[in-house]
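Novice: Okay, handing you the structure first.
Quick note: the coordinates plus some simple rules give every number you see, no bench work behind them. Everything numeric in this text was worked out from a predicted model, so none of it was measured. Don't worry about glycine lacking a Cβ; one is built from the backbone with ideal geometry, like all the others, and counts go over all protein chains shown.
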Amino acid sequence: MLLKAKKTSLFLPRKPRNRSSFIICFLFFMVSPIIFGQNTNTPVLKALKQIEKKFDVKFSYNRRDLKPISVTNDYLAETLPITLERLADEGRLKFTQIKERYIAVQLETTPLFSVCGILIETESSLPIADAEIKVNNNIVRSDSGGNFSMEGLSEQDNLSIFVNGFLARIITARELKATGSCPFIYISQTYTYLPEVVLTNYITKGISKNISGATIIQNENFDILPSLIEPDVLQIAQALPGVDSADETAANINVRGGTSDEFLILWDDVRMYLSGHFFGLISAFNPNLTKNVTLYKNGTAARYGEGVSGVIAMESNSTIPEQFQGGVGVNLTSANAYAEIPAAENFLITVSGRTSINTGIGNPVYNEFFSKVFQNTVVTNLQNNNIEGERSTDEQFNFFDVSVKSLWKLTANDQLTYHFLRIDNRLKFSERIISENMGSLIDSELEQQNTTNAITYTRNWNSKFSSKILAATSTYQRNEFSNNVDEAILSSNRNEVVEKTVKFDLHYKWSEQAKLEAGYQYTDTQIADSQRTSLNSNLQEQSNSLFSNAIFVGGAFRLFDGKTHITSGLRFTYYPSLSETFLEPRLHLSQKLNSALRVHISAETKHQTVYQRVNFRNNLLGVETKDWLLANEANNPILESQQIGIGGNFSKANWALTADAYLKKVTGINSANLGFRNQFQDVETIGSYDVMGFEFSVNRQMTQWNVWVSYSAQKNTYRFEDLNPQEFRNNLESPHSFTLAGSYDYKNFSFSLGNTLKSGLPYTRPNDEDPFISTPEGSKINFNEPNSDRLPSYFRSDFSASYTLPLDETFTGKINIAFLNIFNRNNALGRYYVLDKNETGAPTLRRVDQFSLGFTPNVSLQLLF
């Protein structure tokens, strides 16, 4: 592209939008369930509930199939057969008597069939008696030989198998039907203990809270959320109260006022140092391969170290499916494919890949992403506005990720897993300026990559005792390169992390009331930084290493007939090179007051040795980058945190409410690592921050509607004894954040609209009366007190929709659309001031604003098989 360089402003505000249209649309969306609920029809799901009460029967059905169907209000008759006949005629339904009181309900076009199976314990090869097999509302139990059978099922039904009250396995009716017989179904009772779920459909379907205090996200069961065209785990997490992204990215997550590097991200138990594409705007983890996600904000399990603000542990599939599964997809940012290939009964290969799409005429997503990331940088011509001449640029931005996993079930008790993941981002930028008196050509490159390799061996010794050993490496690199061709100046920067981990876990089920775990973790982390320029042939390089030994123990205990549940743990870590030891208790106590209400207390202490600093000085393109660094005995101490919280959950009659209050303190932070753009930009001192917060959410589910509200409040304060003032607002303090959203399902369509309103972030403003200070080195900006001003409130509305189209028994198509920031609000995410000079050499101020994404439409097409 060819542009005339001229003086212009990069910070012209966008034209204000008429808010009345938003208010009308939003109120209509939220009250529609009430307005349209006043009619003469009744949802068939509600009708079935009424029939169950009147005639003392139980129906088994697939909610998704029956959701769109409504019937007139005169369906009830004096007898059950006549009532069912009316429903069958009007709703095109088929009723099948399974037992005396149990009736299966299906669509007329849906064929019904029977399945059977034999439950076998993996460790002993003995049949499992008295196990509970549940499909919708229909429950059967296995006999003494482990046999069971069920009638009136469809291919979409899932069989949940419970052993000793705990979920052991989920298998589809289609898988059992495909065998054509009663197959053996192997159950490993070692892993049947999953923490009890105390709150389902927390925020939306697919998100739940378990009794140990963690939030669970299951991608396979996930419902639609505003702004998402696919179930991106890192963006789903941001729907939770207390979880946010201050810079509006998918990968940079802030939990309860902490920085993004204080949030530990694990993929199959391996730490990730790069978790996003396009500078964090897109998550790097394939949603189709992410099966289960566990997120901790407090009361973290003792097996997890680091992450003083939180932990998210993502897991890929660890079972071998009966049949080949896969899919391909494309959207306006990338194309992707994945496949789960059961090469044998005991061997699975999983592969996935994604590559960027940044070509095409007027790609709106790429254009908006590019504008947001590179605003106020060399790429967008910030530093060349005063050059007389012609400026031409050429940029190439590409990303990809590839994952390979193999799972080999060596014996009934032994399993070996290998996993490989590579994430890569590359930017090439060329700038040429041609004028009458000069010409220049500058080539710049920026590359980020993260590579992980992991081997896991799992052994089930018996029905009570199991072990797992993990050996893994995680390597991160960020390389920057610049070549000023005309002046023969070469520059380069590099930040590299190499981490090796060995982790050993032991699990022991003492009884149904007590589960114990223990383990050991060895971690060796090396971080290297280097800078080089052709003006100085010496390579400036710094390398640090740190290794640790950690031992952890923990347990889960049920007391007083299961009404009291205690999850506790203790983690001991030793750093030989620093002569530092840490003993960290973890606790979550949950008390059931009645069938609907639980209260809980959480507490933890944690520490962290690997974190980031914001790099303003050495970046070559002007893009804000963050370097990973290791704690040491000099200027970067180990971060330490303490947190305590109290709260409760209420769930009844399709209502779900949560509330939590907490106190959190993190010590050991270095002011030089925080990215200050004020009088403290060049100051280095050690301090802390304290957060006092409150989180609340309420969710209401109806037949086709799901509406939720969440609110979080916090006071987040820095404390530095050597600064003046000693206390001031945290860069990430957001006193208030409010979200109102809802979703609606109609047949194969799903719609979702969400709105977020939150306080603007703090910033520091120059003194209006006396903006400059004269020093021997020259003029400096005379700032007011740090972070004493606040940006305007942030407001954004997002919309998304999806349509699922079953093509045949093998293939399913899916179309998703999303509109981000549908009213094109001009939200400021950051503001700072730069000292410039005018034509006479006098100092002047230039305000620099960082804005959010503008209106961004996206669409995706998927083919699943």
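Novice: Going by Cα centres, the range 65-132 and the range 287-314 are how many Å apart?
Specialist: 38
Novice: Still on this structure, please answer the following. Mind sorting R478, R432 by how few other Cβ atoms lie within 10 Å of their own Cβ, fewest first? List each step's numbers first, then the result.
Specialist: Values: R478 23, R432 18.
Exposure proxy ranking, most exposed first: R432, R478.
Novice: So, one more: Please report the projected area of the range 200-316's Cα convex hull averaged over all directions, in nm².
Specialist: Working: hull surface 26.5 nm².
The directionally averaged projection comes out at 6.6 nm².
Novice: What are the DSSP H helices in the chain that stretch 18 Å or more along their long axis, judged by alpha-carbon atoms, and whose average Kyte-Doolittle hydropathy comes to at least 0.5?
Specialist: Working: long enough: 19-35 (23 Å, 1.95).
Within the chain the helices that satisfy the rule are 19-35.
Novice: Taking the Cβ of R847 as the center, what net charge do the other residues with Cβ under 14 Å away carry, scoring Lys and Arg +1 and Asp and Glu -1?
Specialist: Working: positive: R677, R765, R831, R846; negative: D768, D789, D836, D849.
Every neighbour counted, the sum reads 0.
Novice: Separate question: Scattering from the C-alpha atoms of the range 194-265 alone, worked out with Debye: what is log10 I(q)/I(0) at q = 0.12, 0.20 1/Å?
Specialist: Values returned for q = 0.12, 0.20 Å⁻¹ are -0.33, -0.89.
Novice: What's the exposure ranking of W267, W461, W510, going from fewest to most Cβ atoms within 10 Å? It would help to have the intermediate numbers written out before the result.
Specialist: On the way: W267 25, W461 14, W510 11.
So the ranking, lowest neighbour count to highest, is W510, W461, W267.
Novice: So how do E512, E769 line up by other beta-carbon neighbours within 10 Å, fewest first? Display every interim value, and only then the final one.
Specialist: Working: E512 12, E769 6.
Final ranking by Cβ density, sparse to dense: E769, E512.
Novice: What is the magnitude of the charge dipole of the chain about its Cα centre, with +1 placed on the Cβ of each Lys and Arg, -1 on the Cβ of each Asp and Glu, and no other charges, expressed in debye to the nearest 20? Numbers along the way, then the final one.
Specialist: Details: 81 positive and 90 negative charges, 416 e Å.
That gives a dipole near 2000 debye.
Novice: Let me ask another. What do you get when you divide the Cα radius of gyration of the chain by 2.2 N^0.38 Å, with N the number of residues? Mind showing how you got there, number by number?
Specialist: Values: Rg = 29.1 Å, N = 865, 2.2 N^0.38 = 28.7 Å.
Scaled against compact globular proteins, the figure is 1.01.
Novice: Can you find, among V614, L578, G760, the residue sitting farthest towards the positive end of the charge dipole of the chain, where Lys and Arg contribute +1 and Asp and Glu -1 at Cβ?
Specialist: Checking the options against the dipole of the chain, the answer is G760.
Novice: Now, a different point. Could you please tell me the mean projected area of the C-alpha convex hull for the range 111-187, averaged over all directions and given in square nanometres to one decimal? Mind showing how you got there, number by number?
Specialist: Details: hull surface 18.5 nm².
Mean shadow area of the hull around the Cα atoms is 4.6 nm².
Novice: Just name one of L829, V666, A596: the one whose Cα is farthest towards the positive end of the charge dipole of the chain (beta-carbon charges, Lys/Arg +1, Asp/Glu -1).
Specialist: Of the candidates, A596 comes out farthest on the positive side.
Novice: Please tell me the relative contact order of the chain in percent, rounded to the nearest whole number, where contacts are Cα pairs under 8 Å and at least six residues apart.
Specialist: Working: 2214 pairs, mean separation 82.9, N = 865.
RCO, the chain: 10 percent.
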